[in-house]
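Only one structure is covered here, and it is reproduced in the block below.
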Amino acid sequence: MAADAESPKDASAITRALNRAVLDALPFADTRDFDDARRGFVGSLPEVEIKNDAGRVVWTLRDYAFLAGAEAPPTVNPSLWRQARLNLSHGLFQVTDRIYQVRGFDISNMTLIEGDRGLIVIDPLISTEVARAGLDLYAQHRKWRPVTAVIYSHSHTDHYGGVRGVVDEGDVSAGRVEIWAPDRFMQEVVSEAVLAGTAMVRRAQFQFGATLPRGPRGQVDAGLGKVTSRGTVTLIPPTRIVREPFETHTIDGIEIVFQLTPEAEAPAEMHMFYPALGALNLAENATHNLHNIYPIRGAQVRDANAWAKYLNEARDRFATKSEVVFAQHHWPVWGNARLLDYLAKQRDTYKYLHDQTLRLINHGYRSAEIAERLALPKGLDNEWHVRGYYGTFSHNAKAIYQRYLGWYDANPANLNPLPPAARAKKTVAYMGGAEAVIAKARGDFAKGEYRWVADAMSQVVFAEPDNKAARDLAADAMEQMGYQAESATWRNAYLFGAQELRRGMTVPAAPARAGKDIVRGLSLDLFFDFLGVRLNGDKAEGKTIVVNWTFPDFGERYALTLQNCALTYLADRHAEAADATVTLDRATLNGIILRELSLPDAMADGTVRVEGNAQKLAELFGLLDEFTMAFDVIEPRKAR
Ligand SMILES: [Zn+2]
């Protein structure tokens, strides 16, 4: 295949016309966001490019220089182009007295509050390298202050992963630095990263487009920020937990009122109001885009109704007394009247989305029909900050349907249809064969019916994965949809899909691995849950294995039973008739999970002691699968 044929193409005449029409439809003359994104600028690096110790670039804005011009190229939706340019703002910014933010050093912001003794760091970005660089930038322009506390606003990686870049764990264990987090933080961090982690990381390639080339025909933004940094991800468990719906604490001389917001943007999240500073931090529940009730990387569906309720409460209790509202992404909104208006519109957007989806559900509309029909009401449609750069009304409405009614639309024809490849083969055959379908689809492509062309060509690709004409036409259709998309995540998904259709998958086949700090944070329950997820049910057919586990350093015991191809466990128990009893300490278990130690070696050198039938333990571990990200998405799953 010639390199040329694999390269992204130009915008079609239809895409050009649609993108041009956006310029008339939206209030581009309203440039207050650009003023707000620059306001309080203190300083930045001459060029934002951050490397790790090995010299590998983990974060760079250099690749985004093509965004310099205000005019969008025809291959980018002008509304998204605007957001992509706003997200390019970088450096240290003063939000208000004592409050600073480092922006543009990762997809998220790091907020710094000057306390009486030192610095409170809120959300140390994704990786240690960028977090360290952000703190250095602060010290360079203000002065060096010791970090006295870290606050994790919520359980997503972009809000804690760089923590070891800003504090030393020794200072945390010695009590010199407190780490604050919302209730259930550790459980949510670890469970999201582990049980469905491999699939989510693979799917996130589509959502963020991190490995797509940057440029007018490639990745321009991720909606919430440019993209995710790719350095060292760490985690130090919190030492202070906010458990009540509202709690007030004074941290390094700063009074903070915490408001828990579980099940909104993250399962564990909290707002913060700083009464003496007249400032309100809404974590990630109010940002300058419509957020995701469901991110397309895959996740449990969030509660849009609770989301609106928390914003309403925060507005009522705190925003009325605030002069600035900000979040852990994007830029602040200043002025009491403006921020009250901003929060009312954010609140109403989530409430409208939730209630109107349910109204249509109760009128009998199906998921895709609701998604097609729902749009922002006219009064909100011209507000930049609720437009769908990250979430969209379409996929969020489908998510709300799923939250209440699940995947099934109640039409029995859809209860048990053939699986994708078998269904595609029959469909394509009924349509007169691949050649006939492709010929018709070319006609529709010329008419700009890209949604249908991508759908029809996907059927052909699932019927005949090697059909190059179908793959190319599917890629061409996805590409035009990517160029038209206002949502950065949709653009990334379409362009990444087009790239895989043209070039095939380029994903390392090595097993996906959890980070050291995540493994350390794994509860034993979750460890045994994950063993169950890895158990290969086919290989386990007919086997019964019972293993007792003893962790002397924590005084914990577990009884693990394999039976009927299912692995179950009871904590604080030993089975009477176990095949074997395994004794090991937690550090050894972590080493085995991280593959720093092999189980046979650990048994040989006595760090794992096995009484009874050691063969049975080896047999059990032989039944566990390894997961890799190398699975097909845009074509049938190949056995590897
Ligand atoms: Zn975030």
Query raised in the report: Considering Ala399, Ala429, which residue is out of contact with any Phe, Trp or Tyr (no Cβ under 6 Å at 6 or more places or on another chain), assigned to a helix (DSSP H, G or I) and within 24 Å of Val633 (Cα to Cα)?
Result: Ala429
Report task. With respect to Asn590, determine if the residue is more than 29 Å from Pro419 (Cβ to Cβ) and surrounded by 12 or more Cβ atoms within 10 Å (Cβ to Cβ). Result -> yes
Requested in this report: Scan the range 283-311 residue by residue and report those that are within 16 Å of the ligand (Cβ to nearest atom) and aliphatic (A, V, I, L, M).
Outcome: Ala283, Ala286, Leu290, Ile293, Ile296, Ala299
Query raised in the report: Just wondering, is there one or more residues in the range 227-238 that are away from the ligand (no atom under 16 Å from the Cβ), farther than 18 Å from Pro124 by Cα and surrounded by fewer than 24 Cβ atoms within 10 Å (Cβ to Cβ)?
Result: no
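Among the residues of the range 622-634, are any among the aliphatic types (A, V, I, L, M) and in a helix (DSSP H, G or I)? Before the answer, list the steps.
The first filter runs over the range 622-634 and keeps only residues among the aliphatic types (A, V, I, L, M), leaving 623-624, 629-630, 633-634.
Then drop every residue that is not in a helix (DSSP H, G or I), which leaves none.
Checked the range 622-634: no residue is among the aliphatic types (A, V, I, L, M) and in a helix (DSSP H, G or I).
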Query raised in the report: Which residues, counting only those in the range 30-55, are basic (Lys, Arg) and touching a residue at least 24 places away in the same chain (Cβ under 8 Å)?
Result: Arg38, Arg39, Lys51
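Checking the condition among the aliphatic types (A, V, I, L, M), closer than 13 Å to Phe528 by Cα and assigned to a strand (DSSP E or B), which residue from Val582, Val547, Val610 passes?
On the way: Val582 fails: closer than 13 Å to Phe528 by Cα; Val610 fails: closer than 13 Å to Phe528 by Cα.
Residue meeting the stated conditions: Val547.
Hand me the list of helices (runs of 4 or more DSSP H) wholly inside the range 101-208 holding 2 or more residues that are within 16 Å of the ligand (Cβ to nearest atom) and not aliphatic (A, V, I, L, M). I'd like the intermediate steps shown before the answer.
Numbers: elements: 128-141, 169-173, 185-194, 197-208.
Result: 185-194, 197-208.
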Query raised in the report: Scanning the range 312-371 for residues that are touching a residue at least 12 places away in the same chain (Cβ under 8 Å) and of a type in the set (Lys, Arg), which turns out farthest from the ligand (Cβ to nearest atom)?
Result: Arg366
Report task. Filter the range 297-317 for residues that are of a type in the set (A, V, I, L, M, F, W, C) and part of a helix (DSSP H, G or I) and give the result. Result -> Ala304, Ala306, Trp307, Ala308, Leu311, Ala314
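Condition check ((1) at pLDDT 95 or above; (2) under 23 Å from Asp476 (Cβ atoms); (3) not hydrophobic (A, V, I, L, M, F, W, C); (4) not in a helix (DSSP H, G or I)) across all residues:
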residue	(1), (2), (3), (4)
Met1	no, yes, no, yes
Ala5	no, yes, no, no
Asp10	yes, yes, yes, yes
Asn19	yes, yes, yes, no
Val42	yes, no, no, yes
Tyr64	yes, no, yes, no
Report task. Restricting attention to the range 258-282, report how many residues are more than 16 Å from the ligand (Cβ to nearest atom) and assigned to a strand (DSSP E or B). Result -> 7
Query raised in the report: What pairs come up if the first residue lies in the range 456-473 and is closer than 19 Å to Phe496 by Cβ, the second is assigned to a helix (DSSP H, G or I) and β-branched (Val, Ile, Thr), and their beta carbons are under 7 Å apart, counting only those six or more places apart or on different chains?
Result: Ala470/Ile438; Ala470/Val460; Ala470/Val461; Arg471/Val461; Leu473/Ile438; Leu473/Val453
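The values are calculated or read from the model by the stated rules, or taken from the named source; none is laboratory data. Just so we're clear, the structure is a prediction, and the values are computed from it rather than from any experiment. Quick reminder, even Gly has a Cβ in these numbers, built from the backbone with ideal geometry, and neighbours come from all protein chains shown.
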